[in-house]
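What follows draws every value from the coordinates through simple rules; no lab data is involved. Small disclaimer: the values here were computed from a predicted structure and weren't measured. Quick reminder, even Gly has a Cβ in these numbers, built from the backbone with ideal geometry, and neighbours come from all protein chains shown.
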Ligand code: AMP
């Protein structure tokens, strides 16, 4: 089973590359940001709880995220493998994910980390904000906060998987197809 964490700061291209990887490797996509936006759109209880955090560019509390991911894994019993996109974003989430996957005997295969500098991230997010309708893509202070939160709370997750020898850094600036090629090369190297 191929279980990939697609890692990187906001605006790194995780969503774009996930779509292409899912197509090629027939994986099930678990994108926590998309799941929360769906809950907000449907105005569920979880959506209402998450909204205040998301609109300010802060992280939703771990317990809510972990429960949502576990439900999603449980409902995908026929999955050939997963792409985790935007999750885990804290070391506590990474510990919970590792435990969930160990119990199911399907550990993380690799963490692929898209590396993009801050100025490029901000330019991309502002551009996306023109069409995404996302409150957290529109405002420079919120964008800056998301990048700050990434560095403080999420970057340690890279070290967590580096210690397991699962971290692979990928140059995230270039054409979509070139970046996709680099991701596939890493996957094919471990998935033989
Ligand atoms: P994204 O679409 O991945 O950029 O996520 C949008 C927002 O959803 C983030 O800025 C957080 O507020 C929230 N979110 C998404 N995934 C997580 C997560 N794994 N942990 C905490 N908050 C999350």
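Going by what's in this entry, would residue 6 be described as more than 10 Å from the ligand (Cβ to nearest atom), closer than 21 Å to residue 113 by Cα and surrounded by 15 or more Cβ atoms within 10 Å (Cβ to Cβ)? Judged against the criteria, residue 6 is a match. Per the conditions (1) more than 14 Å from the ligand (Cβ to nearest atom); (2) more than 18 Å from residue 20 (Cβ to Cβ); (3) touching a residue at least 24 places away in the same chain (Cβ under 8 Å), the sole criterion not satisfied by residue 168 is (2). Confirm whether residue 72 is touching a residue at least 40 places away in the same chain (Cβ under 8 Å), within 15 Å of the ligand (Cβ to nearest atom) and crowded, with 16+ Cβ neighbours inside 10 Å. Against the criterion (touching a residue at least 40 places away in the same chain (Cβ under 8 Å), within 15 Å of the ligand (Cβ to nearest atom) and crowded, with 16+ Cβ neighbours inside 10 Å), residue 72 qualifies.
Take residue 113 and tell me if it is assigned to a helix (DSSP H, G or I) and either over 22 Å from residue 16 (Cβ atoms) or more than 8 Å from the ligand (Cβ to nearest atom) (or both). So residue 113 does not fit the description; no.
Can you pull out every residue in region 94-114 that is farther than 15 Å from residue 167 by Cα and buried (at least 21 other Cβ atoms within 10 Å of the Cβ)?
Initially, region 94-114 is screened for residues farther than 15 Å from residue 167 by Cα, giving 95-97, 99-106.
Selection gives 97 alone.
Checking each residue in region 162-178 for being part of a strand (DSSP E or B) and either surrounded by 16 or more Cβ atoms within 10 Å (Cβ to Cβ) or out of contact with any helix residue (DSSP H, G or I) (no Cβ under 7 Å at 6 or more places or on another chain) (or both) picks out 167, 168, 169, 170. Does residue 106 satisfy the criteria of being away from the ligand (no atom under 16 Å from the Cβ) and in contact (Cβ under 8 Å) with a residue 60 or more places away in the chain? Taking the combined requirement at face value, the residue satisfies it.
When each of 181, 129 is tested for being without any contact (Cβ under 8 Å) to a residue 24 or more places away in the chain, in a helix (DSSP H, G or I) and under 20 Å from residue 57 (Cβ atoms), the lone residue that passes is 129. Looking at region 46-55, can you tell me whether even one residue there is more than 14 Å from the ligand (Cβ to nearest atom), in contact (Cβ under 8 Å) with a residue 12 or more places away in the chain and surrounded by 13 or more Cβ atoms within 10 Å (Cβ to Cβ)? There is no residue in region 46-55 that is more than 14 Å from the ligand (Cβ to nearest atom), in contact (Cβ under 8 Å) with a residue 12 or more places away in the chain and surrounded by 13 or more Cβ atoms within 10 Å (Cβ to Cβ). Out of all the residues in region 150-157, is one or more touching a helix residue (DSSP H, G or I) at 6+ places or on another chain (Cβ under 9 Å), within 25 Å of residue 93 (Cβ to Cβ) and outside any helix (DSSP H, G or I)? Looking for residues that are touching a helix residue (DSSP H, G or I) at 6+ places or on another chain (Cβ under 9 Å), within 25 Å of residue 93 (Cβ to Cβ) and outside any helix (DSSP H, G or I), one finds none in region 150-157, hence no. Residue 19: surrounded by fewer than 19 Cβ atoms within 10 Å (Cβ to Cβ) and either away from the ligand (no atom under 14 Å from the Cβ) or touching a residue at least 24 places away in the same chain (Cβ under 8 Å) (or both), yes or no? Here the answer is no, as residue 19 does not meet what is asked. Please verify whether region 84-93 includes one or more residues that are surrounded by fewer than 20 Cβ atoms within 10 Å (Cβ to Cβ), farther than 19 Å from residue 37 by Cβ and in contact with a strand residue (DSSP E or B) (Cβ under 8 Å, 6 or more places away or on another chain). Within region 84-93 (the criterion being surrounded by fewer than 20 Cβ atoms within 10 Å (Cβ to Cβ), farther than 19 Å from residue 37 by Cβ and in contact with a strand residue (DSSP E or B) (Cβ under 8 Å, 6 or more places away or on another chain)), the answer is no, since none of the residues qualifies.
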